[in-house]
Amino acid sequence: GMNAAVRAVTRMGIYVGAKVFLIHEGYEGLVEGGDNIKQANWLSVSNIIQLGGTVIGSARCKAFTTRAGRLRAARNLVEHSITNLCVIGGDGSLTGADIFRSEWGGLLEELARDGQISEEVARKNCRLNIVGLVGSIDNDFCGTDMTIGTDSALHRIMEVIDAITTTAQSHQRTFVLEVMGRHCGYLALVSGLASGADWLFIPESPPEDGWEDLMCERLGETRSRGSRLNIIIIAEGAIDRSGKPISSNYVKDLVVQRLGFDTRVTVLGHVQRGGTPSAFDRVLSSKMGMEAVMALLEATPDTPACVVSLSGNQSVRLPLMECVQVTKDVQKAMDEKRFEEAIQLRGRSFENNWNIYKLLAHQKPAQEKSPFSLAILNVGAPAAGMNAAVRSAVRIGICQGHTVYVVNDGFEGLSKGQIREVGWHDVAGWLGRGGSMLGTKRTLPKTCMEKIVENVRKFNIQGLLVIGGFEAYEGVLQLVEARGQYEELCIIMCVIPATISNNVPGTDFSLGSDTAVNAAMESCDRIKQSASGTKRRVFIVETMGGYCGYLSTVTGIAVGADAAYVYEDPFTIHDLKANVEHLTDKMKTDIQRGLVLRNEKCHEHYTTEFLYNLYSSEGKGIFDCRINVLGHLQQGGAPTPFDRNYGTKLGVKAVLWMSEKLQEVYRKGRVFANSGDSACVIGLRKKVVAFSPVTELKKVTDFEHRLPQEQWWLNLRLMLKMLANYQISLTEYISGTMEHV
């Protein structure tokens, strides 16, 4: 994701009228100077967004840790009149930058005293502004939700786990996987949660003494219940209660000696740093890069050096040294064996992940059988992550002592009685499966209401968890509106939004849209490569999403598209003409290729075919055109780490909420719920998981176009246009505010 950040900072810098220099080889290039400091133009950062690593290089630098080294660095910057520095790196690099900034005045005085620069130059460049972007695959920097590179590293880890799972199953093996994270267990924790690993070692929470016996007992139990494999995930920095390292080989030898299982160790190593960045990392870095430039522009002598971070889906700025301090506090807590505190200092989502992992990894007998029965179904079109949500919902339901049913083929299956009770092990191995294992249909309840009610009565269902797209939400709304006629529908209902279109009201992100964006992005990367080979070619790519332009907008940002046409941002023939002229101009530069995305329902008359004809005739003699319709590949593939994790969390939270509501409305041995808040959509809003009553959401829904009336991602379109070199006004840009950790 670093390249996406370099690209965004460079282009935004040029956009606001600044001179932008790229410093090659990190601080080493800053100290050495010369050819390492090069002025950049718009095209310097073209076609790099899809590359892993960083095109400007990075190096650890001994010299910069000394004052003499920083003196040389200051001189090199002053030579180019550079007084704004954007640093992309981990906490070491950012702390170094802050020291550099605090010494800046003194360094310039010294240079002036030695006659290396004039007094006037020293006066002109008297202030150095610094902004940091955190690039670290460990996600170990406190204050930031996600650091650049973390999501891509999780993609690599999950690809490996998926591949290993198939061989482990065939050979009935146990695998010990060692992932990176010397001081931070984030990668191990999320990949353990997203793969349903049997055992997990993280530095923040060492296992209790005597863990060896417990672990072997657990692994043996899993096997005796019919599982053909065990996966153990260990962070490289894993330790026991006394602070002694636990190595992957120690764990392997333990399993072999005590259980006699065929066991293999796989150390993932630097695979995790490599490969093409995920869509999330590209969009995150682009957003943060834009915000970094704004933070530098708005800096005053009194503003502290800040890091740009994402909170929910909004950019924020945080004082650099506050973040560094909390990051150090975590390490100190771990060194002093205050492990509970270390987990809390890591932040709410880390703690949340850890608690959910412990809940789902191993079946604990329910305290007592509850009187309630829940049914779980999938509705709409398949979306990746549905199975993860079903798995966690089933397991939490069983933990709570409920009877849990699953329904095949959506509301239609509910009306036909395709309902069966499930146990803990029936959903093992579902996490990494794409699509919907239960089967899904678009049928709405109003076509078969009588039969649905009959089965709800027959199976005594008191809670309905519907995982699906717009039809899931619409269907539950129909059931709620039929409560007046049928008392049986006065039960607790919850919708988990799962659709690649991300068009369900009540949530910022629906399950499956991250996987779809990544699938569309991978295809567009290949299409761009093909266009680079044949000069002067423009590809028109049609994406799915119904009327919702989320998929084409976010994919457009991730692949650096020239335009993305969507229904929500109306366009006329004048806009099309401007786009064609823009591409004609672009063909005169060194970048002789174009990529235009079009959402399938963005305009009744300006179809993909129409755009193709328009671009072909207008571009005649300058460029030629090709069409690509991505179609159902956008629904497909294994779920991304985000969707596995998100699905797992939503499944857990939804069932816990339903249990609580069921207790509230349980009177004299029966459930009767008819208030608005007994049927909700669960969703992520900014950073909080919220429950919104379907009857309330009805007021903010455009049913004709199946869209929420207000959508947060429309403000991303500004960034898409700016990065594609369109002249737009920045008055609409909302700057991040300075917050505290």
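Rounded to a whole number, what % of the accessible area of the chain do carbon and sulfur atoms account for, probe 1.4 Å? It would help to have the intermediate numbers written out before the result.
Details: 14570 of 29730 Å².
After summing per-atom areas, the C and S share lands at 49 percent.
Using 22 Å as the Cα-Cα cut-off, could you pick out the over-long pairs in Lys586/Lys721; Lys332/Lys686; Lys446/Lys668; Lys287/Lys687? Write out the running numbers ahead of the final one.
Numbers: Lys586/Lys721 14 Å; Lys332/Lys686 31 Å; Lys446/Lys668 31 Å; Lys287/Lys687 17 Å.
Listed pairs above 22 Å: Lys332/Lys686; Lys446/Lys668.
Remark: the stretch 150-273 carries 40 Å² of accessible area per residue (probe radius 1.4 Å; ligands, DNA and RNA excluded).
Between the stretch 663-732 and the stretch 366-408, what's the alpha-carbon centroid distance in Å? Here the answer is 23 Å between Cα centres. Once backbone amide H atoms are built at 1.01 Å from N, Leu310 has Asp145, Met146, Val316 as its partners under 5 Å, excluding neighbours fewer than 5 places away on the same chain. Sort the stretch 420-482 into rounded, prolate or oblate with this rule: let a ≥ b ≥ c be the square roots of the eigenvalues of the Cα gyration tensor; rounded if a/c is under 1.5, and if a/c is not under 1.5, prolate when a/b is larger than b/c, oblate otherwise. The shape class here is oblate.
Considering only DSSP beta bridges where both residues belong to the chain, give the percentage that are antiparallel (nearest 5). Don't skip to the answer; put the middle values down first.
Numbers: 23 of 86 bridges.
Looking only at bridges with both residues in the chain, the antiparallel portion is about 25 percent.
Pairs of Cα atoms under 8 Å, at least six residues apart: use those to get the relative contact order of the chain, whole percent. Can you show the working numbers first?
Details: 1538 pairs, mean separation 96.8, N = 741.
Relative CO of the chain lands at 13 percent.
Across the options Thr731, Gly13, Ser523, the greatest Cα extent toward the positive end of the charge dipole of the chain (unit charges at beta carbon of Lys, Arg, Asp, Glu) belongs to Ser523.
Charge dipole of the chain (Cα centre as origin; +1 on each Lys and Arg Cβ, -1 on each Asp and Glu Cβ, all else neutral): 920 debye, rounded to the nearest 20. Think of the chain as having a plus end and a minus end, set by charges on the Cβ of Lys, Arg, Asp and Glu; of Gly549, Val326, Leu414, Leu414 sits farthest toward the positive end of this dipole.
Computing FRET efficiency as 1/(1 + (r/R0)^6) for Asp240 and Ala59, where r is the C-beta to C-beta distance and R0 is 35 Å, gives about 0.50.
Once the chain from Ile591 to Asp209 is taken as fully extended at 0.36 nm per residue, the excess over their C-alpha distance is 131.4 nm. Phi-derived couplings, Karplus 6.51 cos²θ - 1.76 cosθ + 1.60 at θ = phi - 60°, listed residue by residue for the stretch 555-560: 4, x, 5, 5, 10, x Hz, with x used for Gly and Pro.
The aspartates and glutamates whose alpha-carbon is closer than 16 Å to the alpha-carbon of Lys653, local same-chain residues fewer than 8 away aside, are Glu351, Asp643, Asp677. Close amide H pairs (under 5 Å, H built 1.01 Å from N) link Met738 with Arg317, residues at least 5 positions away or on another chain. Couplings 3J(HN,Hα) of the stretch 30-37, computed from phi: 5, 6, 6, x, x, 5, 6, 10 Hz, in residue order, whole Hz [Karplus 6.51 cos²θ - 1.76 cosθ + 1.60, θ = phi - 60°; x for Gly and Pro]. Oblate is the label for the chain, because the ratio a/c of its alpha-carbon gyration tensor axes (a ≥ b ≥ c) is 1.5 or higher and a/b is not greater than b/c. A simple packing score, the average count of other Cβ atoms within 10 Å per residue, orders the peptides 507-517, 719-729 as 507-517, 719-729, with the highest score first.
The values are calculated or read from the model by the stated rules, or taken from the named source; none is laboratory data. Please read all numbers here as calculations on a predicted model, not as lab measurements. Note: ideal-geometry Cβ built from the backbone for every residue, glycine included; neighbour counts use all protein chains shown. Surface accessibility is based on the protein's heavy atoms, side chains included, excluding ligands, DNA and RNA. Shrake-Rupley method; radii C 1.70, N 1.55, O 1.52, S 1.80 Å.
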